[in-house]
Amino acid sequence: MSAATKLPRRRRILVLAPFPPSLTGRHGGARAIGHLVGGLAERHDVALLYLRGPGDGEPDEALQRACAVVEEISHPSRRLRVPRLLARLLAGEPLWVADWRVATAAEAVRDVADRWRPDIVQ
């Protein structure tokens with residue numbers, strides 16, 4: 001096989017998602033991330049770390065089977081109280097970011113990255 005036709009090596013990709021991905025999800029974001037994860041898993045080893053709030057389902061079983069690692073971070077509520085939201089806004093933080101902030105997320109990402117050693121974090 002020539003260098004031009006050599007297949008790229010499999011990568012270890014850690015995907016971080018703000019909600020459970022789903023190929024048949026209720027909203028476009030879940031579907032888009034679901035298809036991203038599914039497509040990546042066909043060519044690479046994928047770990048999925050996602051936020052799961054009240055009323056959220058789990059990622060599709062097909063996605064869970066396709067991934068080497070699937071872990072959730074519990075998100076108790078995506079609705080901040082108005083004073084806290086305003087304080088974040090005044091500090092220059094986008095509302096969407098403030099609304100989805102989870103204190104334990106950074107630790108969970110570090111833990112999975114230390115154990116799984118990804119080449120790429122998406």
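Its Kirkwood hydrodynamic radius, worked out from the mean inverse distance over all distinct Cα pairs, puts the range 1-73 at 12.8 Å. The residues of the range 6-122 expose on average 63 square angstrom of accessible surface per residue, using a 1.4 Å probe on protein heavy atoms. Once the gyration tensor of the Cα atoms in the chain is diagonalised, the equivalent ellipsoid follows with semi-axes of 31, 17, 13 Å, ordered largest first. Ordering LEU23, VAL46, ALA98 by the projection of their Cα atoms onto the charge dipole of the chain, which places +1 on the Cβ of Lys and Arg and -1 on the Cβ of Asp and Glu, puts ALA98 at the extreme positive end. Remark on GLN122: its backbone amide H falls under 5 Å from those of LEU14, VAL15, LEU16, a criterion applied only to residues 5 or more positions apart or on other chains, H modelled at 1.01 Å from N. Between the amide H of LEU23 and those of ASP60, distances stay under 5 Å, these residues lying 5 or more places away or on another chain, with hydrogens modeled in the peptide plane.
Taking amide H atoms as placed 1.01 Å from N in the peptide plane, the amide H of ARG11 lies under 5 Å from those of ASP45, each 5 or more residues away in sequence or on another chain. For the chain, a crude dipole built from +1 on the beta carbon of Lys and Arg and -1 on the beta carbon of Asp and Glu, taken about the Cα centre, is about 280 debye to the nearest 20. At a 1.4 Å probe radius, carbon and sulfur cover how many percent of the accessible area of the chain? Roughly 55 percent, rounded to a whole number.
The values are calculated or read from the model by the stated rules, or taken from the named source; none is laboratory data. All of these numbers come straight from a predicted model, not from anything done at the bench. Every residue, glycine among them, receives a Cβ derived from its backbone with ideal geometry; neighbour counts consider all protein chains shown. Ligands, DNA and RNA are stripped out before the accessible areas are found, and what is left, the full protein with its side chains, is counted by its heavy atoms. Shrake-Rupley method; radii C 1.70, N 1.55, O 1.52, S 1.80 Å.
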